[in-house]
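Before any comments, here is the structure.
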Amino acid sequence: MTEVASVNQLLDDMAESLDRLALLQQRELNAIVEREHADVPAITSEKEKALAEVTRLDTLLSEHPDKDTLKEDAQLAAAVESIKQTLANIQHQNQVNERVVQSTLNSIDQLKQSILQSARKDSLTYNSKGKIR
């Protein structure tokens with residue numbers, strides 16, 4: 001028979017996992033801003049693992065036999081509120097990161113278009129009357 005972790009332990013683990021996820025998001029943003037794009041896939045992989053752990057812990061909490069104590073006990077309720085606030089901060093930071101990534105991709109696309117236009121100008125050919133073909 002498997003031992004059921006206490007609600008307190010699950011909440012502590014959840015808070016730690018969310019703190020790790022928040023740290024990874026900050027690392028991701030720094031890597032994008034500092035143009036260290038090679039680091040982003042590894043950070044994304046770590047984020048996926050952290051998110052999977054948060055999901056696992058959330059499931060364990062929702063199925064825990066003592067889950068009612070999360071609302072009844074003032075200390076646990078405060079811990080839950082703190083976790084909810086951390087999660088809201090993470091969601092906000094995720095939106096910021098998405099906007100930064102989109103902005104970076106737009107800048108890259110604009111640069112690509114400029115390079116292509118410049119290359120086309122250099123490769124123009126003219127007919128015998130000096131007109132562009």
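Each value in this text was obtained by applying a stated rule to the coordinates, not by laboratory testing. Since the model is a prediction, treat every value here as computed from it, not as a measurement. We place every Cβ from the backbone using ideal geometry, glycine too, and count neighbours over all the protein chains shown.
Stretched out fully, how many nm does the piece from residue 66 to residue 19 gain, at 0.36 nm a residue minus the Cα gap?
14.5 nm
How much FRET efficiency would the formula 1/(1 + (r/R0)^6) give for residue 77 and residue 101, where r is the Cβ-Cβ distance and R0 is 35 Å, rounded to 0.05?
Calculated transfer efficiency: 0.45.
Describe numerically, in nm with one decimal, the distance between label points set 7 Å from Cα along Cα→Cβ at residue 108 and at residue 30.
Going by the 7 Å Cα→Cβ label model, 2.2 nm.
Let me spell out the model: positive unit charges on the Cβ of Lys and Arg, negative unit charges on the Cβ of Asp and Glu, origin at the Cα centre of the stretch 7-122. What dipole size does that give, in debye rounded to 20?
Charge dipole, the stretch 7-122, about its Cα centre: 840 debye, nearest 20.
So which residue, out of 113, 25, 75, gets the largest mean-square fluctuation from a GNM of the chain using Cα contacts under 10 Å as springs?
113
Cα-based Rg (one decimal) and Dmax (whole number) for the chain, in Å?
Gyration radius and largest Cα-Cα distance of the chain: 25.0, 91 Å.
Straight distance only, please: which lysines reach the Cα of residue 67 with their own Cα at less than 24 Å, same-chain residues fewer than 8 apart left out?
84
Suppose every Lys and Arg Cβ carries +1 and every Asp and Glu Cβ carries -1, with no other charges. What dipole size does the stretch 1-57 come out with about its Cα centre, to the nearest 20 debye?
Approximately 160 debye in magnitude.
List the aspartates and glutamates whose alpha-carbon lies under 20 Å from that of residue 47, not counting same-chain residues fewer than 8 positions away?
12, 13, 16, 19, 28, 34, 36, 39, 58, 98
Which of the three applies to the stretch 46-87, rounded, prolate or oblate, going by the alpha-carbon gyration tensor with a ≥ b ≥ c and a/c under 1.5 meaning rounded?
Oblate.
Normalised by the number of residues in the chain, what is the relative contact order in percent for Cα pairs under 8 Å and 6+ residues apart?
About 29 percent, as a whole number.
For the chain, set up a GNM with springs between Cα atoms under 10 Å and report which of 72, 36, 28 has the largest fluctuation.
Highest fluctuation of the listed residues: 72.
Quick one: Karplus J couplings for the stretch 83-96, per residue in order, coefficients 6.51, -1.76, 1.60, θ = phi - 60°, nearest Hz, x for Gly and Pro?
Computed from phi, the couplings for the stretch 83-96 are 5, 4, 5, 4, 4, 4, 5, 5, 5, 5, 4, 4, 5, 4 Hz.
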